[in-house]
Amino acid sequence: MSDLFDLDVQKARLSRRSQATHPDEPTLPPLTTLRAAESTLPDPNSAGYLSGGSQEDTVKHIVRDIIPALNGQGLSPHYYGFVTGGVLPIAEWADNVVSRMDQNVQVHLPDQTIATALEDATLKMIISLLRLGDAEAWKGRTFTTGATASNVLGLACGREALLAKRLGSGESTGELGLLGACLKAGVTEVQVLTSGGHSSLSKAASIVGLGRRSVKELRAGEDVPWRLDLVAFERELQKTGTLSIISISAGEVNTGRYGVNGVEEMRRVRELADKYGAWIHVDGAFGIFARALEAKPEYKVVREYAEGLELADSITVDGHKLLNVPYDCGMFFTKSPEVLQSAFVNPNAAYLASGSQASIPSPLNIGIENSRRFRALPAYAVLLSEGRSGISSLLSNMTDLCRRVAGFIQQSEHYELLPDEQAPLDEIFMIVLFRAKNKELNGVLVQKINDTRKIYVSETKWKGEKAVRIAVSNWMVNVSRDFDVISSTLNAVADGNGDD
Ligand SMILES: *Cc1c(COP(=O)(O)O)cnc(C)c1O
């Protein structure tokens, strides 16, 4: 029926997983290529606009003009911008299967398709991989389009749960709306407390009606802005008429550090949340994967930082970052499936019912979308083929490369490691933050590094000054090869030879 389903035909594609070397793909296309590609895009004023063409010509156009004008985040192991992940060959294959089969995973129809059962099995594998405990404890679970969508679910659940408690008698925000529910419950404010919160948390707060301004940073100190100030946290919880959702950053996006530093602090957060009635959300987009590192001495510190996150009420996980599945893919977990359903139920559509005995809820009742892509399949393929040890070894490659780069920066006369030049390297997971000691160079550093086209990095700010962030998240990491590329590029840029 199809070459896509023929293992022999797919062998070459899958063999990329075990190749020791990867082609030296560019991190960014040349600007001239980009401009040329732009000029090939259809012009609404041209005579032939939308008049159709052959498939062959369309493919030729995309291969010749469009593909060379895409960035190298999927193909280059040296693209260290944002936290993009890469695509494992088996995930790419599975994603093509998803497109070919075009399942609409919105209603649980166990006698018609395996899709919802596979989706649920995949979510259980994630729970186990991340050591979140018994899958039964996380009965509210679903695939999302990414961490932003998962954060929307998390804040919606927090809002729903906290107001339901105040309202009593089965009333809900889902029915009444936020305004009606707050008026009825005598609530004057719903706030989102965090430290080093990701920008998408504010976006989520806006979407669920709390407003961006409801997000409050409670930072333990100027030098540790990612750490939650527990004293301020308790003070905020004591406000009358105010409901609080706490969002723990795991980890903070500039430094990779954690909002709480392990199980003791997490227990304290849980105690306070229970005492005052708050909802605990964990934004674990990439940082929660530290829990999947092997239990070796060199990973003890970061593993411990991520301990205790299972005490949360809800958790955001990204698939398209460290799991190396294609965009877009995220996961959401909550211990309160009724709350999730109360916020996201798609009511009164008889033709969408899956039967009341269903053990798996229909995804359209527990997430944002009705019609949904079968985005679980690539994650399933990765988890099944890599297993715990495959994934932990991918994660340790990312971590080891970051630590070697951080060590190099500590030794360098040109660069300064952030947030703390002296920080022990075992605090680092898969992000390195640094800047140039020379202010002039620092002002143009990201540009100079990215102009080399050898590696690609992101610009950020640290304590008001420009800084550079290297995030290692691609499965193609080869520690010694990539260390050589990064260190020689940084040396060349510092020596003024970056443009060679
Ligand atoms: C990347 C990231 C997000 C946003 O995730 P998307 O998948 O891009 O929507 C949210 N929180 C954290 C901590 C992140 O790293």
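The values are calculated or read from the model by the stated rules, or taken from the named source; none is laboratory data. Computed from a predicted model, the values in this text were never measured in an experiment. Ideal geometry is used to build each Cβ from the backbone, glycine not excepted, and the neighbour counts take in all protein chains shown. What goes into the accessible areas is simple: the full protein's heavy atoms, side chains included, and nothing from ligands, DNA or RNA. Shrake-Rupley method; radii C 1.70, N 1.55, O 1.52, S 1.80 Å.
Suppose all protein chains stay in the model; what accessible area per residue would a 1.4 Å probe give for region 104-373, in Å²?
Value returned for region 104-373: 40 Å² of accessible area per residue.
Could you work out the relative contact order of region 104-373? I mean the mean sequence separation of Cα pairs under 8 Å and 6+ apart, divided by the number of residues, in percent.
Details: 526 pairs, mean separation 74.8, N = 270.
In percent, rounded to a whole number, it is 28.
Between I360 and T242, what's the calculated FRET efficiency when r is the beta-carbon distance and R0 is 45 Å? Round to 0.05.
Step by step, r from the Cβ atoms, then E = 0.80.
Can you tell me the length gained on complete extension of the stretch V97 to F82, counting 0.36 nm per residue apart and subtracting the Cα distance?
Details: separation 15, 0.36 × 15 = 5.40 nm, distance 2.78 nm.
Gain in length upon complete extension: 2.6 nm.
Please tell me the relative contact order of region 161-238 in percent, rounded to the nearest whole number, where contacts are Cα pairs under 8 Å and at least six residues apart.
Once divided by the residue count of region 161-238, the mean separation gives 22 percent.
Using alpha-carbon positions, what is the distance between the centroids of region 179-228 and region 268-300, in Å?
Value for the Cα centre distance between the two parts: 18 Å.
Would you work out what percent of the accessible area of the chain, with all protein chains in place, is carbon or sulfur (probe 1.4 Å)? It would help to have the intermediate numbers written out before the result.
Numbers: 11450 of 22390 Å².
Carbon-and-sulfur percentage of accessible area, whole number: 51.
What FRET efficiency, computed as 1/(1 + (r/R0)^6) with R0 = 35 Å and r the Cβ-Cβ distance, is obtained for T188 and E222, rounded to the nearest 0.05?
Using R0 = 35 Å, I get an efficiency of 0.70.
If we sort 475-483, 25-33 on the protection proxy, mean other Cβ atoms within 10 Å, highest first, what's the order?
475-483, 25-33
Of the peptides 231-241, 392-402, how do they stack up when ordered by the mean number of other Cβ atoms within 10 Å, highest first?
Highest mean packing first, the order is 392-402, 231-241.
PRE reach from T40 (point 7 Å along Cα→Cβ): which of region 67-101 fall under 11 Å by backbone N?
Of the residues in region 67-101, 67-70 have backbone N under 11 Å from the label point off T40.
So if each residue of separation counts as 0.36 nm, and I subtract the Cα-Cα distance between S480 and R235, what length gain in nm does that give?
83.3 nm
For the chain, what's the relative contact order in percent, using C-alpha pairs closer than 8 Å and at least 6 residues apart?
Values: 930 pairs, mean separation 102.0, N = 500.
The normalised contact order for the chain reaches 20 percent.
Specify whether the C-alpha gyration tensor of the chain places it in the rounded, prolate or oblate class, a ≥ b ≥ c being the square roots of the eigenvalues: rounded for a/c under 1.5, otherwise prolate if a/b is larger than b/c and oblate if not.
Verdict is oblate for the chain.
Could you tell me what percent of the DSSP beta bridges with both partners in the chain are antiparallel, to the nearest 5?
Taking every DSSP beta bridge within the chain, about 60 percent pair in antiparallel fashion.
Please give me, ordered by residue number, the GluC sites (Glu not before Pro) of region 392-479 that lie in loop per DSSP and have at most 13 other Cβ atoms within 10 Å.
Filter output for region 392-479: E413, E421.
Add -39500 (n - 2.57) for each DSSP H run of 4 or more in the chain, then divide by its residues: what number comes out at 222 nm, to the nearest 500 deg cm²/dmol?
The per-residue figure over the chain is -12500 deg cm²/dmol.
Any chance you could check the Cα centroid distance between region 443-500 and region 61-110 for me, in angstrom?
Region 443-500 and region 61-110 have Cα centres spaced 25 Å from each other.
Which shape class applies to region 104-373: rounded if a/c is under 1.5, otherwise prolate when a/b exceeds b/c and oblate if not, where a ≥ b ≥ c are the square roots of the Cα gyration tensor eigenvalues?
Here region 104-373 falls in the oblate category.
Taking amide H positions as placed in the peptide plane 1.01 Å from N, state which residues far from Y415 in sequence (5 or more) or on other chains have amide H under 5 Å from it.
Distant-sequence amide H within range of Y415: K437.
Which residues among region 416-442 fall inside the zone where the amide N is under 19 Å from a point 7 Å beyond the Cα of K466, along Cα→Cβ?
416-419, 432-442
Provide the per-residue ³J(HN,Hα) series for region 448-454, in order, calculated from phi with Karplus coefficients 6.51, -1.76, 1.60 and θ = phi - 60°, each as a whole number of Hz, with x at glycine and proline positions.
These are the phi-based 3J(HN,Hα) values: 5, 5, 5, 5, 5, 6, 7 Hz.
Quick check: with the 1.4 Å probe, what order do M125, M430 take by accessible area, largest first?
Accessible-area ranking of M125, M430, largest first: M125, M430.
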